[in-house]
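Down below is the structure, laid out as structure tokens.
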Amino acid sequence: MRAMRAETFSGYEGLKLIELPKPAVTDGKVLVRITAAGVTPLDHTILSGKFHGSKPPLVLGNEGAGVVEDGGGTDFPVGSRVMFFGAYGAFEDGTYREWVAVRKEDLCLIPDNVDDVSGAGIPVAYLTAQVALTLAGFRAGKTVLAPAIGGSIGNAVTQLARALDAKHAISSTTNHTKAQQAKALGFNEVIDNSLEKLGDGVRRITSGYGADIVIDGIGGEVLSEALGALASEGRVITLGYSASRKTTIDVTNLIVPQASIRGLNMFAQPKASIRAAWKVIVSLLKSGAIKPIVAKTFPLVEAVDALRYLIEGRPFGRVVLTI
């Protein structure tokens, strides 16, 4: 079978098209013919040699969608369309290939109203978003800030918060064109950082109240600015560092509002948390309350171009490989 594998962690040039044996089905695993694979910033981090625990050679991709061919039993019959996320592409070979033997507990049926390309871009973004909101104690009526509306996490959190009756579901962008795109797509609480600072925008939208919850998938100075926009007893979940792994925190932004901050590692989450998140996500997908946004697709053999487009082009929406 064809696969795009990182032979070395040396940047884009390390990713090569190779032939691998089709995986065998073993106990507890389901053979899935991959039809689409999500491309994420983590793939680039790994390919650049900046992620702990990953070792080359490694087939990238920790989320995907496809069709069950064997081993699914009555829960996932042959022919079922499924999507999944896991340690694939980080600690074992991932979804940038034609078949994957997937642990049964990682699978979720794709709703009939969702196509495979959209399904491939759902697991990482929406599972992370829902788990983060749960850890932050989200409930209806809360105000949520998730910077970067064009990115996978920022967009998924904003959609979920809005669908789950947040008082405000706020996001942001540093790009004026993306701010206009967001407005055209119905995201009416997006702060255009080319016109105003993040904290000023949050205070404007909330009439000075601030954000009860911040879900930060960016890191760097965005995290620092978001801390200054917290409401009393606000909570921050930080889970990404695409902007930078380092920032400077004004500790009074935590002390004065008696706020809290914690990290989220999706690879360390209990299966029960993932199952609970899937239940919420699937229900909202079926109702149409949330809808993944795909910016562009690339064929498997153009995985390097897909990653470059994601990282350097910074599109509004997901990048997906079709297989």
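The values are calculated or read from the model by the stated rules, or taken from the named source; none is laboratory data. Since we're looking at a predicted model, the values are computed, not measured. All Cβ positions, even for glycine, are placed from backbone atoms using ideal geometry, and neighbour counts span all protein chains on display. In case anyone asks, the SASA skips ligands and DNA or RNA and just uses the protein heavy atoms, side chains included. Shrake-Rupley method; radii C 1.70, N 1.55, O 1.52, S 1.80 Å.
Phi-derived couplings, Karplus 6.51 cos²θ - 1.76 cosθ + 1.60 at θ = phi - 60°, listed residue by residue for segment 307-316: 5, 5, 4, 5, 7, 8, x, 6, x, 8 Hz, with x used for Gly and Pro. Taking only the alpha carbons of segment 185-233, we obtain Rg and Dmax values of 10.7, 32 Å in that order. Set against the 2.2 N^0.38 Å expectation for a compact globular protein, segment 171-323 has a Cα radius of gyration ratio of 1.17.
The charge dipole of segment 1-128, taken about its Cα centre with unit charges on the Cβ of Lys, Arg, Asp and Glu (plus for the first two, minus for the last two), comes to roughly 300 debye. Considering only Met83, Val320, Gly234, the residue lying farthest towards the positive end of the dipole of the chain is Gly234, judged by Cα position with unit charges set on Cβ. If the Kirkwood radius is taken over C-alpha pairs of segment 48-104, then at 10 °C and 1.306 mPa s the Stokes-Einstein diffusion coefficient equals 130 µm²/s. Using just the C-alpha positions of segment 1-148 as equal point scatterers, what log10 of I(q)/I(0) does the Debye formula give at each q in 0.16 1/Å? These q points yield log10 I(q)/I(0) values of -0.88. Proximity of backbone amide H atoms, modeled 1.01 Å from N, is registered between His168 and Thr143, Val144 at under 5 Å, excluding neighbours fewer than 5 places apart on the same chain. Phi-derived couplings, Karplus 6.51 cos²θ - 1.76 cosθ + 1.60 at θ = phi - 60°, listed residue by residue for segment 147-163: x, 6, 4, x, x, 5, 6, x, 5, 5, 4, 4, 5, 5, 4, 5, 5 Hz, with x used for Gly and Pro. Between amide H atoms placed 1.01 Å from N, distances below 5 Å from Asn175 occur with Asn193, all of them 5 or more places distant or on a separate chain. For segment 190-249, carbon and sulfur atoms together expose 47% of the accessible surface, with a 1.4 angstrom probe and every protein chain in place.
Taking the convex hull of the alpha carbon positions in segment 113-234 and averaging its projected area over all directions gives 7.5 nm². Taking 0.36 nm per residue of separation and subtracting the current Cα-Cα distance, fully stretching the chain between Lys55 and Asp165 would add 35.4 nm.
Dipole check for the chain: with +1 at the C-beta of Lys and Arg, -1 at the C-beta of Asp and Glu, and the Cα centre as origin, the magnitude is about 380 Debye.
Between Leu195 and Ser10, the distance separating the two model label sites (each 7 Å from Cα on the Cα→Cβ line) works out to 4.7 nm.
The string of couplings for segment 12-23 from the Karplus curve (6.51, -1.76, 1.60, θ = phi - 60°) is 3, 5, x, 8, 10, 7, 9, 10, 10, x, 5, x Hz, one whole number per residue in order, with x for Gly and Pro.
Take every Cα pair under 8 Å whose residues are at least 6 apart in sequence, average their separation, divide by the length of the chain, and the relative contact order is 18 percent.
Among 139-146, 184-191, how do they line up from the highest to the lowest mean number of other beta-carbon atoms within 10 Å? Walk me through the numbers on the way to the answer.
Numbers: 139-146: 21.0, 184-191: 17.1.
Highest to lowest by the protection proxy: 139-146, 184-191.
Using 26 Å as the Cα-Cα cut-off, could you pick out the over-long pairs in Lys104/Lys296; Lys183/Lys296; Lys50/Lys178; Lys271/Lys291; Lys142/Lys197; Lys16/Lys50? Violating the 26 Å limit, Cα to Cα: Lys104/Lys296; Lys50/Lys178. In the context of the full set of protein chains, segment 190-322 has a per residue accessible area of 50 Å² (1.4 Å probe).
Computed per residue of the chain from DSSP H runs no shorter than four, each worth -39500 (n - 2.57), the mean residue ellipticity at 222 nm is -7000 deg cm²/dmol. For Ala295, the residues whose modelled amide H falls within less than 5 Å of its own, excluding neighbours fewer than 5 places apart on the same chain, are Arg318, Val319.
About the Cα centre of segment 183-323, how large is the charge dipole given +1 on each Lys and Arg Cβ and -1 on each Asp and Glu Cβ? Please answer in debye to the nearest 20.
Details: 17 positive and 13 negative charges, 130 e Å.
Using only the charged Cβ atoms, the result is roughly 620 debye.
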